[in-house]
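Before any comments, here is the structure.
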Amino acid sequence: MTSLVDDHNFSHTETGEFPCISCHTNCCKEYVIFVNAHDIHRLSVGLGLAPENFLEIYGANDYSLGIKVKEGLIDLALKQKNGGCEFLEETKDVFRCTVNDFKPGVCKSYPFEMKNGKLSQMISMMCPVDWDLVEFEKMMVSHLKKDESEWKFYDELVKEWNAKYGTKPLSAFLKFLLDKVESSLTL
Ligand code: SF4
Ligand code: SF4
């Protein structure tokens with residue numbers, strides 16, 4: 001789920017090859033990509049598709065917030081195919097994200113996070129690369145802050161939905177979500 005897959009201007013290996021290429025984007029195959037309201041809105045507008053076309057429903061874990069809809073207590077993630085994200089495309093053994101311009105925030109962040117106010121690389125078995133934090137600092141710090149505020153927005157949105165409309169169907173939740181993002185963008 002890397003943002004780095006198609007951004008070939010940054011960190012490279014000694015052979016000049018971008019690390020994500022030789023890794024074959026394992027992160028896009030191994031993780032389920034849970035998405036927030038802004039992710040869903042960007043993908044829906046970018047693809048020109050209703051969210052139902054690219055979202056998969058997961059039962060919410062008891063430790064996550066969970067969306068209450070007629071269908072149950074759920075979370076939303078990107079659909080998968082062939083054991084990976086459905087937006088991952090393989091051409092001649094090269095993998096690329098087909099929604100690079102509007103991929104989810106979590107994809108743009110990986111494998112970085114903020115720890116004690118500093119940019120860090122996630123401790124992850126998945127990413128084998130030792131990324132240059134200095135090289136990525138400017139771009140990633142601003143992205144991670146934006147991503148954090150979008151997840152807070154989503155948490156509030158889900159809380160409001162659950163309190164007011166929790167018995168309505170998922171289709172109504174998705175309309176509510178898109179309307180909320182639209183209104184926030186016009187403020
Ligand atoms: S949206 Fe793109 S970057 Fe994110 S998991 Fe799917 S293929 Fe990977
Ligand atoms: S696991 Fe790391 S190196 Fe591999 S594709 Fe993802 S970000 Fe790139």
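Read the figures in this text as sums done on the coordinates, not as results from a lab. Quick caveat: nothing in here was measured; it's all calculated off a predicted structure. Virtual Cβ from ideal backbone geometry, glycine too; neighbours counted across all protein chains shown.
Determine the calculated [θ] at 222 nm for the chain from helices alone, applying -39500 (n - 2.57) to every DSSP H run no shorter than 4 residues and normalising by the residue count; nearest 500 deg cm²/dmol.
On the way: 6 runs with 76 residues, N = 187.
Result for the chain, helices only: -13000 deg cm²/dmol.
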remark   = Across all Cα atoms of the chain, Rg and the largest Cα-Cα distance (Dmax), in Å, are 17.3, 56
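What is the order of Phe95, Phe173, fewest Cβ neighbours within 10 Å to most? Please report the intermediate quantities before stating the final value.
Values: Phe95 19, Phe173 24.
Result, fewest neighbours first: Phe95, Phe173.
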inquiry  = Quick check: residue separation of Leu49 and Thr186 times 0.36 nm, minus the Cα distance between them. What number comes out in nm?
reply    = 47.2 nm
inquiry  = Take the residue pairs Lys92/Lys145; Lys92/Lys118; Lys68/Lys138; Lys115/Lys152; Lys70/Lys108 and return only those whose Cα atoms are more than 29 Å apart.
reply    = Lys92/Lys145; Lys92/Lys118; Lys68/Lys138; Lys70/Lys108
ask   = If you find the alpha carbon centre of the range 135-153 and of the range 62-122, how far apart are they in angstrom?
value = 15 Å
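To make sure I understand, if each residue's beta carbon is the centre and we count other beta carbons within 10 Å, what order do His41, His143 fall in, fewest to most?
Numbers: His41 22, His143 16.
Ranked by crowding around the Cβ, least crowded first: His143, His41.
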request  = Could you check which residue among Ile40, Ile57, Ile123 shows the biggest mean-square fluctuation in a GNM of the chain with a 10 Å Cα cutoff?
outcome  = Ile123
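Compute the length gained on full extension between Asn116 and Glu156: take 0.36 nm times their separation in residues and subtract their Cα-Cα distance, giving the result in nm to one decimal. If you can, show how the numbers build up before the last one.
On the way: separation 40, 0.36 × 40 = 14.40 nm, distance 2.41 nm.
Net length gain for the segment: 12.0 nm.
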query = aspartates and glutamates near Lys180 by alpha-carbon distance under 19 Å, same-chain residues fewer than 8 away left out - which ones?
reply = Asp39, Glu52, Asp75, Asp147, Glu148, Glu150, Asp155, Glu156, Glu160
inquiry  = Could you identify which residue out of Met140, Met125, Met114 has the top mean-square fluctuation in a GNM of the chain using Cα springs shorter than 10 Å?
reply    = Met125
ask   = Picking from Asp147, Asp93, Asp39, which is most flexible by a Gaussian network model of the chain using Cα springs under 10 Å?
value = Asp93
query = How far, in nm, would the chain grow between Leu73 and Glu135 when pulled straight, counting 0.36 nm per residue and subtracting the alpha carbon separation?
reply = 18.2 nm
